[in-house]
Amino acid sequence: MRVEIDQDKCCGAGSCVLSAPEVFDQRESDGIVVLLEEEPGDELRDAVEEAAERCPAAAITVLEQ
Amino acid sequence: MSCPVSHQAMPVERVDPLMPPPGYAQLLAEAPVTKVLDLIGLQTWLVTRYADVRAVLGDPRFSSDFVAPELKGLREEEDFVKPFIRLDPPEHTRFRRALTGEFTVRQIRLLEPGIRQLVEDQLDQLEKAGKGADLVEHFALPIPSLVICQLLGVPYTDHDRFQSDSKLLLTRELAPEDRMRAANQLRDFMLELVHLKRREPDAALMTRLIERSAEMEQPFSDLELASIGMLLLVAGHETTANMIALTTVALLRQPEKIEALRADPGKVDAYVEEALRLLTIVQHGVRRLATEDIEVGGEVIREGEWVIASLAAGNRDPGVYPEPDELDADRKRVSHLSFGFGPHQCLGQQLARVELQIALAALFRRFPGLRVELPEGEEIPYKHDMLIYGVHSLPVAW
């Protein structure tokens, strides 16, 4: 699985960090999403999909490889 | 096809005070996108399904940039600054981005020890007030008020000044002049704060915002800073206070849930998410204005028409939540709509979560035998009259 984020769309709600802290973080200065892991392992699939589903700005895309 | 004028009123009467008006379940099943007469008598589309609520709130063509219809005519003063929840991107983004760094998961975690201490102090106050004490006055309201005051840098000794005006602003049926007066008083209160922080900078949010603003391409005016402060102050204490008290009422109805929570306090976050979903205190939903013709759930909403996205209905959509009316802390985690959706989704949601988790876990740990103790012949005064649902007061004993 590959994860893409769109920092322009991000509204800094922080939901992704709650769902998958191994994969997402927020920039200190403005709370915008930062991707920690572009290709997370399968054990994180549920968490990443939850993060994408919860994102209020649709800023997270999960791609299959 | 043009839609005829609707004479159907938006559901508003509750039967069970802890459930949304029963009309919503029927709309979800039979007419998930339908025209109604809203609470102020306007023809409005009412959207109830989870997916459709998300579609409306996530679509920038549904605008937030309008003067609340009930305030039309009053809000034409020159120095009136709209709160940024009433702006669309990119104007909205200028405000939001200046604040998101203050409310990240990491920033809020740093506040946890302070909140824990404050919750314990309020529990002491409640205990001292003795049996029959009002949980709202001694616990539910002071906690978020103190937290937002500390965060913003507002002296808590001023809480009488902002609590009464905040309450007025959230009253459903209020003469427009009275609403304006409350808004103006709050604005003046926040303007004084902005001026104070310019003279005497401290380590709190308003000072940081003033400093950040100075480096922005288009710095905030003092009136804009005051409008940000107002929004954070009102949104920051009323909502969380109502959730603390209302969740307490809801849990006291199901003592087995309190037992389960006490046995496994690590699950408090799941209980809080379920309480947020089921109680949906933004009880009458969120309004938007269509800026073009847009299809939602098979209906075409025309340019210039009003839409209300019902968070409470979407949160009980049976297609998304099996047994939607059950508080089930083991439910497969699906997001809920209580913080809204889209670019305006609650900025302070991580703070609200932490406050609720700490306050509720501590309350039931300290008072395992907590109960509602109403004077004879009295009932719990639910906030049917307010835009944000909750209880006006809650006498308790233990």
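Quick notes on this structure:
- Residue in the stretch B:309-329 that is touching a residue at least 12 places away in the same chain (Cβ under 8 Å), in a strand (DSSP E or B), surrounded by 15 or more Cβ atoms within 10 Å (Cβ to Cβ) and in contact with a helix residue (DSSP H, G or I) (Cβ under 9 Å, 6 or more places away or on another chain) present: yes
- Across the stretch A:33-48, the qualifying residues are those that are surrounded by fewer than 21 Cβ atoms within 10 Å (Cβ to Cβ) and within 11 Å of another protein chain (Cβ to nearest Cβ), and the one among them that is farthest from B:Met216 (Cα to Cα) is A:Asp46.
- Residue list for the stretch B:99-120, restricted to those being touching an Asp or Glu at 6+ places or on another chain (Cβ under 8 Å), surrounded by 21 or more Cβ atoms within 10 Å (Cβ to Cβ) and within 12 Å of another protein chain (Cβ to nearest Cβ): B:Thr100, B:Thr104
- Counted residues, the stretch A:16-32 - those being facing chain B (nearest Cβ under 7 Å) and among the hydroxyl-bearing types (Ser, Thr, Tyr): 1
- Some residue of the stretch B:174-196 being in contact with a strand residue (DSSP E or B) (Cβ under 7 Å, 6 or more places away or on another chain) and within 22 Å of B:Lys383 (Cα to Cα): no
- One residue alone among B:Arg161, B:Arg109 is of a type outside the set (S, T, N, Q), farther than 14 Å from B:Ile358 by Cβ and either in contact with a Leu (Cβ under 8 Å, 6 or more places away or on another chain) or touching a residue at least 24 places away in the same chain (Cβ under 8 Å) (or both), and that residue is B:Arg161.
- Just one of the listed residues (A:Leu18, A:Leu35, A:Leu44) is at pLDDT below 95, out of contact with any His (no Cβ under 9 Å at 6 or more places or on another chain) and not charged (D, E, K, R), and it is A:Leu18.
- Check on B:Arg287, within 30 Å of B:Cys149 (Cβ to Cβ), touching a Lys or Arg at 6+ places or on another chain (Cβ under 9 Å) and in contact (Cβ under 8 Å) with a residue 60 or more places away in the chain: no
- Any hit, the stretch B:132-149, residues being assigned to a helix (DSSP H, G or I), more than 14 Å from chain A (Cβ to nearest Cβ) and of a type in the set (D, E, K, R): yes
- Looking only at the stretch B:346-367, and only at residues there that are in a loop (DSSP other than H, G, I, E, B) and surrounded by fewer than 21 Cβ atoms within 10 Å (Cβ to Cβ), the one that is nearest to the chain's Cα centre (by Cα): B:Cys346
- Within the stretch B:206-228, the presence of at least one residue that is assigned to a helix (DSSP H, G or I) and under 18 Å from the mean Cα position of the chain (by Cα) is confirmed.
- Of everything in the stretch B:312-345 that is within 11 Å of chain A (Cβ to nearest Cβ) and small (Gly, Ala, Ser), the residue that is nearest to B:Glu259 (Cα to Cα) is B:Ser335.
- Reported count of residues in the stretch A:10-57, each being assigned to a loop (DSSP other than H, G, I, E, B) and either touching a strand residue (DSSP E or B) at 6+ places or on another chain (Cβ under 8 Å) or in contact (Cβ under 8 Å) with a residue 40 or more places away in the chain (or both), is 16.
- When B:Leu233, B:Leu191 are screened for being modelled with pLDDT under 95, in a helix (DSSP H, G or I) and surrounded by 18 or more Cβ atoms within 10 Å (Cβ to Cβ), only B:Leu233 passes.
- Among the residues of the stretch B:80-97, those identified as more than 8 Å from chain A (Cβ to nearest Cβ) and within 18 Å of B:Thr207 (Cα to Cα) are B:Arg94, B:Phe95.
- Complete set of residues in the stretch A:49-65 that are out of contact with any helix residue (DSSP H, G or I) (no Cβ under 7 Å at 6 or more places or on another chain), at the interface with another protein chain (Cβ under 10 Å from one of its Cβ atoms) and over 28 Å from B:Met216 (Cβ atoms): A:Glu53
- If the condition is being under 20 Å from the mean Cα position of the chain (by Cα) and more than 26 Å from B:Gly101 (Cβ to Cβ), then the stretch B:115-137 contributes B:Leu135, B:Val136, B:Glu137.
- Selection status of B:Arg172, at pLDDT below 95, buried (at least 18 other Cβ atoms within 10 Å of the Cβ) and not aliphatic (A, V, I, L, M): no
The values are calculated or read from the model by the stated rules, or taken from the named source; none is laboratory data. Because the structure is a prediction, the values reported are computed rather than measured. Reconstructed Cβ throughout: ideal geometry from the backbone, glycine too, with neighbour counts over all protein chains shown.
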